[in-house]
Amino acid sequence: SQKIEQNSEALNIQEGKTATLTCNYTNYSPAYLQWYRQDPGRGPVFLLLIRENEKEKRKERLKVTFDTTLKQSLFHITASQPADSATYLCAFPGSNYQLIWGAGTKLIIKP
Amino acid sequence: KAGVTQTPRYLIKTRGQQVTLSCSPISGHRSVSWYQQTPGQGLQFLFEYFSETQRNKGNFPGRFSGRQFSNSRSEMNVSTLELGDSALYLCASSAGQGRNEKLFFGSGTQLSVL
């Protein structure tokens, strides 16, 4: 079955450094992959979408890569700030375009 | 534009009761999806509606049902509540016709079943 995996352990990063989160998928070749940010008790907020024919996409301090050979997407936050602390979710469309979600990686940026 | 609105924000029920949650999508969005989220779990897809028709359904028991009205507002109902139904229920709307690119989520309804 289609599966998506994110590092379940929290990621602790020093303020100002680059945070890199990983999303791996199996048994599928998605047309695109999305990244969302979720704060405690709130709904996810869309950040970036990258398509299979795009290797990299940027938005301000955010960068996403999509490697269809490795079946992996990397999400980078450069010059990280404590306000970037949140849980980051990746998702891709399975059959019928229903999104399949990773469990999320909790990012903690320490001042 | 107003965002996705979910009501109520918090709800406490007891086992065996039933509950109805409401979702108003962003104006102009015709697709509404519902998700269940429990601590440590990814979002679990419940169902999706588009133009008042249920387009897709996740692997949840028949106690979970939903509907969409002509103004795109949606409701989901859970009957005969169980302790395991305690979760954050999220509604999301999108402008696309089913491709689920860029979902806009509400703040969710936190349901506690005692």
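Tell me, please, whether a residue that is within 14 Å of residue B:109 (Cα to Cα), more than 11 Å from chain A (Cβ to nearest Cβ) and either open to solvent by 40 Å² or more (accessible area, probe 1.4 Å) or among the acidic types (Asp, Glu) (or both) can be found in the range B:18-28. Checked the range B:18-28: at least one residue is within 14 Å of residue B:109 (Cα to Cα), more than 11 Å from chain A (Cβ to nearest Cβ) and either open to solvent by 40 Å² or more (accessible area, probe 1.4 Å) or among the acidic types (Asp, Glu) (or both).
Residues in the range A:55-85 that are closer than 23 Å to residue A:3 by Cα, open to solvent by less than 40 Å² (accessible area, probe 1.4 Å) and not β-branched (Val, Ile, Thr): A:66, A:73, A:75, A:76. Only one entry in A:2, A:6 is within 25 Å of residue B:96 (Cα to Cα), at pLDDT below 95 and within 14 Å of chain B (Cβ to nearest Cβ), namely A:2.
In summary, strands (runs of 3 or more DSSP E) completely within the range B:1-58 and bearing 3 or more residues that are under 19 Å from residue A:36 (Cβ atoms) occur at B:31-37, B:44-50. Look at (1) without any contact (Cβ under 8 Å) to a residue 12 or more places away in the chain; (2) surrounded by fewer than 18 Cβ atoms within 10 Å (Cβ to Cβ); (3) closer than 17 Å to residue B:107 by Cα and you find that residue B:62 fails only one, number (3).
Within the range A:25-43, the set of residues being within 13 Å of chain B (Cβ to nearest Cβ) and open to solvent by 60 Å² or more (accessible area, probe 1.4 Å) comprises A:40, A:42. Considering the conditions (1) over 17 Å from residue A:5 (Cα atoms); (2) open to solvent by less than 70 Å² (accessible area, probe 1.4 Å); (3) more than 10 Å from chain B (Cβ to nearest Cβ), residue A:46 is excluded by exactly one of them, (3).
Does residue A:100 satisfy the criteria of being within 14 Å of chain B (Cβ to nearest Cβ), touching a residue at least 60 places away in the same chain (Cβ under 8 Å) and either in a strand (DSSP E or B) or open to solvent by 60 Å² or more (accessible area, probe 1.4 Å) (or both)?
yes
For residue A:1, the stated conditions hold: it is open to solvent by 60 Å² or more (accessible area, probe 1.4 Å) and polar (S, T, N, Q).
The values are calculated or read from the model by the stated rules, or taken from the named source; none is laboratory data. Since this is a predicted model, take the numbers as computed values, not measurements. Cβ coordinates were reconstructed from backbone atoms using ideal geometry, including for glycine residues, and neighbour counts include every protein chain displayed. The accessibility values were calculated without ligands, DNA or RNA, using every heavy atom of the protein model including side chains. Shrake-Rupley method; radii C 1.70, N 1.55, O 1.52, S 1.80 Å.
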